[in-house]
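Coordinate-derived values only; no laboratory data. Treat the numbers as computed from the prediction; the structure is a model and nothing was measured. Here the Cβ positions follow ideal geometry from the backbone for every residue, glycine too, while neighbour counts run over all protein chains shown.
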Amino acid sequence: MQSLRSNSVVIKLLTYSNELSEGKPLYVSSNSLPVKAFNREPAGHAFHSAALKLRGCTKKVVEDKEDTSDSPKKVANNDVEDIPSYETYKNSSSSNKGKKKKNKSGKEVKEQHDHYALLGLASLRYLATEDQIRKSYRDAALKHHPDKLAAALLLTEESEEAKEAKKEAIESHFKLIQEAYEVLMDKTKRRIFDSTDEFDDEVPSECAPKDFFKVFGPAFKRNARWSVNTRVPDLGDENTPVKEVDSYYNFWYAFKSWREFPEEEEHDLEEAESREEKRWMERENARKTQKARKEEYARIRTLVDNAYKKDPRIVKRKEEEKAKKQAKKDEKVMAKKKLEEEAAAAIEEEKRRKEEEAKLAAEAAQQQKKNKEKEKKLRSKERSRLRTLSAPVLSQRLLGISVAYVEDLCMSLNTEQLRKLCDKMENKEGLKLAKVLKNGNNDETESEEEEVVEAKQNGHVEANGYSMVDTATQSPRAAAMV
């Protein structure tokens with residue numbers, strides 16, 4: 001705490017250390033204007049005298065030195081007694097009166113006094129509690145009661161008219177105090193009165209990110225006075241968790257205001273001449289005030305929207321969410337690109353495989369063609385060989401073998417069969433050669449024919465060509481053939 005002294009006025013400045021608030025920003029506001037301060041604080045009756053002095057509502061009454069000794073108290077030469085004067089109530093009553101305002105229809109509304117000032121609560125106003133209102137009313141009633149002040153004030157005036165005027169001013173001021181107490185103790189009336197108090201409806205729109213809490217913090221605090229729910233959350237700071245930030249904005253987006261708009265009422269119900277006219281006035285006033293309430297909610301919504309757009313915590317979260325979405329998008333693009341590359345690679349591989357297969361098939365076909373040509377040449381060679389080996393048989397006409405038979409063998413037998421047949425015909429002559437040619441490629445028939453030929457050579461052949469030899473001397477196979 002620092003003190004600055006100038007003559008008899010002491011100004012005390014309060015400073016806050018970042019260590020006390022843990023480095024968090026701290027916003028401090030005052031509900032009252034600077035007032036004169038004393039070196040010593042008065043108490044008791046001196047307190048009331050000092051308060052009256054500050055308001056300029058006192059009159060100094062100097063007691064004469066030559067006052068009689070039978071007076072209850074004596075006052076020194078320089079001592080003064082502060083008692084309310086006629087000007088006190090005249091000036092205070094005029095200062096407590098509100099200005100005449102005009103409603104939307106242009107009619108002047110009823111004069112309204114500052115109820116908080118009448119009870120000495122001008123510095124607190126809507127923040128004053130019911131207990132503070134009761135206490136202030138008791139103090140004001142005791143201090144300004146007509147029975148207590150009338151006698152002292154009337155002594156200062158000589159004419160009856162002046163005394164009557166003073167008496168009326170005292171009673172009028174006391175009635176204003178009672179009226180103020182009744183209004184402030186009634187919740188509905190007090191809300192209406194608080195709603196007519198001067199209020200800054202300005203809504204911030206633009207600010208630098210670093211100044212967000214300085215600009216929007218006081219704006220939210222001002223408008224929090226209209227909240228039906230008295231537990232209004234705090235705006236916090238840049239380190240506040242995002243969950244609490246969302247709860248804060250959820251509260252303000254669902255904000256419910258108790259603010260009234262009596263200045264919007266065009267019709268004075270006391271001027272109604274009938275019930276129907278009064279009801280009509282009530283409906284019209286309700287319609288006008290409903291429109292004003294909608295405008296009020298729109299104003300609050302604009303404040304919340306502007307703050308939500310500029311809140312660095314929300315901006316940071318949006319940027320993080322945007323970065324995450326972009327990362328997911330890039331991941332999808334990369335995955336899609338990878339799939340496309342894999343598909344292209346698969347297509348390329350399939351193409352290469354087909355080309356390889358086509359190449360192998362072409363090579364195989366070429367090789368097969370070569371093999372066929374080679375096979376054809378070999379078969380042609382073996383056929384020529386067979387025709388050459390069959391020439392003696394055909395010339396001798398053995399076993400009824402004809403050229404057609406030889407050509408039939410050449411066409412029906414494959415290369416390998418032709419080769420084997422020709423190999424068997426090699427080094428054979430005459431009937432043996434004819435028999436081999438007759439049998440073709442049948443090895444079993446050839447063996448049987450050889451046995452028959454051997455039997456003929458042994459003289460055991462009948463006219464029809466079948467063997468009649470003794471089965472005891474034949475082989476099992478020859479016997480079976482017989």
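Okay, here's what the table says:
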item: Arg134, Arg397 arranged by Cβ crowding within 10 Å, fewest neighbours leading; result: Arg397, Arg134
item: Separation between Cα centres of the stretch 309-374 and the stretch 158-222, rounded to whole Å; result: 76
item: Gain upon complete extension [Lys372, Arg275; 0.36 nm per residue less C-alpha separation]; result: 22.5 nm
item: Cα extents of the stretch 320-441 along the three principal axes, largest first (Å); result: 110, 23, 19
item: Spacing of the two label points (7 Å from each Cα toward its C-beta) at Lys324 and Thr196, in nm; result: 5.3
item: Calculated Rg and Dmax of the stretch 234-393 using C-alpha coordinates, Å; result: 47.1, 158
item: Förster radius 35 Å - calculated FRET efficiency between Glu206 and Glu284 (Cβ-Cβ, nearest 0.05); result: 0.35
item: Anisotropy class of the stretch 278-355 from Cα gyration tensor, a/c 1.5 cut; result: oblate
